[in-house]
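See structure below.
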């Protein structure tokens, strides 16, 4: 059996960070998108989730999503706009303010 780390994200909910593709903000809720296609919604802000997974390989390219950097297959630059492409071909644009942080993360 594979040894996976599990972290609490709320009183009753635990996740394995390696199974998460990305987190998506939805006002005071967060949608958790798993690599197998499952979707789970919790009553926590993306900022709280970011704090919970700070020791794992997650990156926040904009204020709406928190991506698992292990599942980023490509990053592209076009007209000074950075786009991150996940393994399932979803694309996320990097905001201007977070551009330097994202570049440092992938260097």
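Observations on the model:
- Note on residue 80 and residue 40: with the Förster distance fixed at 30 Å, the Cβ-Cβ geometry gives a FRET efficiency of about 0.30.
- Neighbour counts of C-beta atoms inside 10 Å place 77, 102 in the sequence 77, 102, starting with the fewest.
- Ratio Rg/Rh [Cα only; Rh per Kirkwood] for the chain: 0.96
- Extension gain (nm, one decimal) between residue 48 and residue 13, 0.36 nm per residue minus Cα-Cα: 11.2 nm
Only the coordinates and a few stated rules stand behind these numbers; no lab work does. Just so you know, these numbers come straight off a predicted model, no measurement behind them. In this analysis, Cβ positions are derived from the backbone assuming ideal geometry, glycine residues included, and neighbour counts consider all displayed protein chains.
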